[in-house]
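K.L.:
One structure, pasted below without further comment.
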Amino acid sequence: MKKPVAPSSTRLSRVLGWSALVALAVTTWWGLWVSPPDKVQGQFVRILYVHPAVATMCYAGFGICALASIAWLWPRLRSRRWDRLAVAGAEVGAVFCLATLVTGSIWGRATWGVWWTWDARLTLTAVLFAMSLGYLALRRSVENPHSRAMVSSMVAILMLLTVVVDHYATAWWVTLHQNTTLFKPGPTVHGWQLATMLESFVAFGLVFAWMMVHRYRLEMLEERFENEGLSAALAARRAELSGMVRVGEQ
Amino acid sequence: MWRDALVVAAKDLLIERRSRVAMNQVVPYALVVLLLFGFAFDQQRPLLEQASPGLFWMAVLFAGLLAVQRSFSVETSDGAMDNLRLSGLQPAGIFLGKAAAVAVQLIALEALLTLGVVVLFHTELAGAGLLVASALASTACVAAAGVAYGALSMGLRARETLLPLLLAPVLAPVVLAGTQAWRCALGLSSGDGWRWLGVLGAFAAIYLAGGVLGFGALMEEA
């Protein structure tokens, strides 16, 4: 079988991919078999080893998107690579945002008895997901790369504002969603639960990095295809034409 | 900048006075939305009274989208936007002027919708200070974010469908805060309505500042 001319994988992405698989396997093992059930939540606590890490990666994706957009808007730093990084962050962030909503909904059903409730944190996360879909639709609507980067950068910065409000929603509003449990002095999680939770952050962090590398390179290859595609098509038509001329001469 | 804003606002309002699109199409549409909400709630009076602030702001959001689309459709026809770019007016002034024109139309619409809510949903008005202040702050948010996103989507394919997709999530916190402030003012909720007014004020300041700073770049790309 013929190998692809420009694969989106690199040595780094392959190392990242295998590391992510191993880390996910360890998280699954610790999360399902080693870590004990919780005194209050029982077996439902095991979703703790997915949901917070996935939500953090969602924030990381949108955060990278916004920071790369600011870098693109800064005239001295302006480069196509920031725009590639921004779209990679938004797309991977959107995937993790959807995963956050799905896992949060499952957890909500287990602990609150409902799949969805009109809570500030939940509603803002859903709004964030809708904004990311709008951002991606906007990018598909603009053909000129400069205009696309300019308008999408502005939307990305506004998305960051929603990320910040979403993060502090549990502190600013009275919500059902629990407050910070891990990243505070004296965390309320201990032992194997704490170890598994931290391991889940490593595992999903690696998955996030692997997806970012692939999406970034895919964007680079698309740009290359756009640039070289027209030249290749013209060369093919010229070759066809010269072949026809030669046939005519004979 | 302020003089430019006045010129642009006067131009947009003059176009509206002559064409009467907002008065003849957007206002009736918003009133029909209120009527349809009545059907959706099966004409249950206590439920409609409870939900009236939220329904009011949803109707304003839908009508606001139309007002923003109208504000930019007059600029896209006959190359009017190119003339606006070449007019020498400051982009920040153009932004503020267009936002002010949309805001004036929305305030008129909100006055009529308030009447509609009182008549159709039997809502008893109270807390006039908070009602008016939160309505003004919410209107500033809708107009500022709407004009910024309207400029952003002006030159795009499928802008008619893209604008609501982009704008509705951005205005979701405004609908939430506006509804809560009105619920407090009408005595339907025991919370502190002035705190929600603060939230609306913060969002209005952010959207206005973002529009003033970024409108020039958006006009160039449109």
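K.L.:
If we count every other residue with Cβ under 12 angstrom of residue B:22's Cβ, Lys/Arg +1 and Asp/Glu -1, where does the sum land?
P.N.:
Result for the local shell: +2.
K.L.:
Evaluate peptide B:185-191: per residue, the Cβ atoms of other protein chains within 10 Å of its Cβ; return the mean as an integer.
P.N.:
0
K.L.:
Using helices alone, what [θ] at 222 nm do you get for chain A, with -39,500 (n - 2.57) per DSSP H run of 4 or more residues, divided over all residues and rounded to the nearest 500?
P.N.:
-26000 deg cm²/dmol
K.L.:
I need the peptides A:78-85, B:93-100, A:45-52, B:61-68 ranked by packing, meaning the mean over residues of other C-beta atoms within 10 angstrom, with the highest value on top. The partial results should precede the final answer.
P.N.:
Values: A:78-85: 17.4, B:93-100: 26.0, A:45-52: 20.9, B:61-68: 23.0.
Put in order of decreasing packing, that is B:93-100, B:61-68, A:45-52, A:78-85.
K.L.:
Still on this model: Taking the Cβ-Cβ separation of residue B:23 and residue B:213 as r and a Förster radius of 25 Å, what is the calculated FRET efficiency to the nearest 0.05?
P.N.:
0.15
K.L.:
Still on this structure, I have one more. For the peptides B:47-57, A:103-113, what is the packing order when you average, over each peptide's residues, the other Cβ atoms within 10 Å and list the highest mean first?
P.N.:
B:47-57, A:103-113
K.L.:
A further question follows. Which whole-number percentage describes the relative contact order of chain B, with Cα contacts under 8 Å and a sequence gap of 6 or more?
P.N.:
Result for chain B is 28 percent.
K.L.:
Do any cysteines in chain A lack another Cys Cβ under 4.7 Å, and if so which?
P.N.:
Isolated Cys, chain A: A:65.
K.L.:
Moving on. Per DSSP H run of at least 4 residues, take -39500 (n - 2.57); add these up for chain B, divide by its residues and hand me the 222 nm value, nearest 500 deg cm²/dmol.
P.N.:
So the helix-based figure for chain B works out to -29000 deg cm²/dmol.
K.L.:
Starting from the Cα of residue A:21, step 7 Å along the direction of its Cβ; do the same at residue B:132; then give the gap between the two resulting points in nm.
P.N.:
6.9 nm
K.L.:
Using only Cα atoms, find the angle between the long axis of helix A:145-167 and the longest principal axis of chain A, and express it within 0 to 90 degrees, rounded to the nearest 10.
P.N.:
Roughly 0 degrees between the two axes.
K.L.:
Taking the Cα centroid of region A:1-66 and of region B:1-78, what is the distance between the two, rounded to the nearest whole Å?
P.N.:
When both Cα centres are located, 46 Å separates them.
K.L.:
Using Cα atoms only, what is the angle between the long axis of helix B:2-19 and the major principal axis of chain B, expressed in degrees (0 to 90) to the nearest 10?
P.N.:
So the helix axis and the longest Cα principal axis differ by about 70 degrees.
K.L.:
Additional query: What order do you get for A:131-142, B:80-91 when each peptide is scored by the mean count of other beta carbon atoms within 10 Å, highest first? Write out the running numbers ahead of the final one.
P.N.:
Working: A:131-142: 20.1, B:80-91: 14.5.
Packing order, densest peptide first, comes out as A:131-142, B:80-91.
K.L.:
Also, I was wondering about something else. So what's region A:1-61 giving for Rg/Rh, alpha carbon basis, Kirkwood Rh from the mean inverse pair distance?
P.N.:
Here the Rg-to-Rh quotient is 1.18.
K.L.:
Provide a whole-number value for the mean count of partner chain Cβ atoms within 10 Å of the Cβ atoms in peptide B:142-154.
P.N.:
Partner Cβ neighbours, averaged per residue: 2.
K.L.:
Count the net charge of all other residues whose Cβ sits under 14 Å from the Cβ of residue B:218, scoring Lys and Arg as +1 and Asp and Glu as -1.
P.N.:
Working: positive: A:148, B:85, B:98, B:159; negative: B:75, B:220, B:221.
So the surrounding residues net to +1.
K.L.:
Taking beta carbons within 10 Å but only from partner chains, what does the mean come to for residues B:198-204? Can you show the working numbers first?
P.N.:
On the way: counts 0, 3, 0, 0, 1, 2, 0.
Mean shielding count: 1.
K.L.:
Once you list every other residue whose beta carbon is under 15 Å from the beta carbon of residue B:139, what net charge do they have if Lys and Arg are +1 and Asp and Glu are -1?
P.N.:
Values: positive: B:98; negative: B:110.
Taking every Cβ under 15 Å from that of residue B:139, the sum is 0.
K.L.:
Something else now. Taking only the alpha-carbon atoms of the protein assembly as shown, what semi-axes of the equivalent ellipsoid follow from 5 times the gyration tensor eigenvalues under a square root, in whole Å, largest first?
P.N.:
41, 37, 19
Read the figures in this text as sums done on the coordinates, not as results from a lab. Note that the coordinates shown come from a computational prediction; the quantities given were computed from them, not determined experimentally. Heads up, the Cβs are rebuilt from the backbone with ideal geometry, glycines too, and the neighbour counts pull from every protein chain shown.
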